[in-house]
1. Looking only at the stretch 33-42, filter to residues that are out of contact with any strand residue (DSSP E or B) (no Cβ under 7 Å at 6 or more places or on another chain) and assigned to a loop (DSSP other than H, G, I, E, B); which one of those is modelled with the highest pLDDT?
2. Mind counting the residues in the stretch 16-32 that are modelled with pLDDT under 95, in contact with a strand residue (DSSP E or B) (Cβ under 6 Å, 6 or more places away or on another chain) and under 15 Å from Ile149 (Cβ atoms)?
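The values are calculated or read from the model by the stated rules, or taken from the named source; none is laboratory data. Note that the structure is predicted; figures quoted are calculated from it, not measured. No Cβ is skipped: glycine too gets one built from the backbone with ideal geometry, and neighbour counts run over all protein chains shown.
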Amino acid sequence: MSGTGSGASWAVRISRPAGRWRVELLAEDAGDELPALERALGEPGADGWPGPFVVVVDSRLYFVALRHGPGGMVRALISDATMQEWLLASEVVERYGIAVDAEGAFDDDETGWPGGDLDLFADDGLPAEQLRPIVTADDLWADEMVAAIAARLGFADELAAAVAP
């Protein structure tokens, strides 16, 4: 996945019908329309539990993941909530009330500042304490973070095929 080129952006919908991972490309450009990304999740509960999720990588700088939670509310995770100059990042932070600690975000190690629901993938077997080292790794681009998550959850091949140039 690291060969996706600089500035690579894409959006995918990831589901697991009948226990098999399915990754569908939604857009080759990061699809910065938040309502469209939420619609791509489908109806809450329609695809069983755990439900599908949408992942957007924006210019390799950060990623956003959305998924329905209990009661149909949308749960959101952003790998770096300090990316406020990017439209999608600022919309996600504002819409889902993600706290941004700008004071501590720019410390010497220059790691990202993940925000939102770090337990977004817990029902798939990747709890927050195992996700945090991935999303705070300062040597990984956003698409590489998503590839690491996909490898941990078991849909790396499907993801690579969906976003291949």
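1. Within the stretch 33-42, the match that is modelled with the highest pLDDT is Gly42.
2. So the answer is 0.
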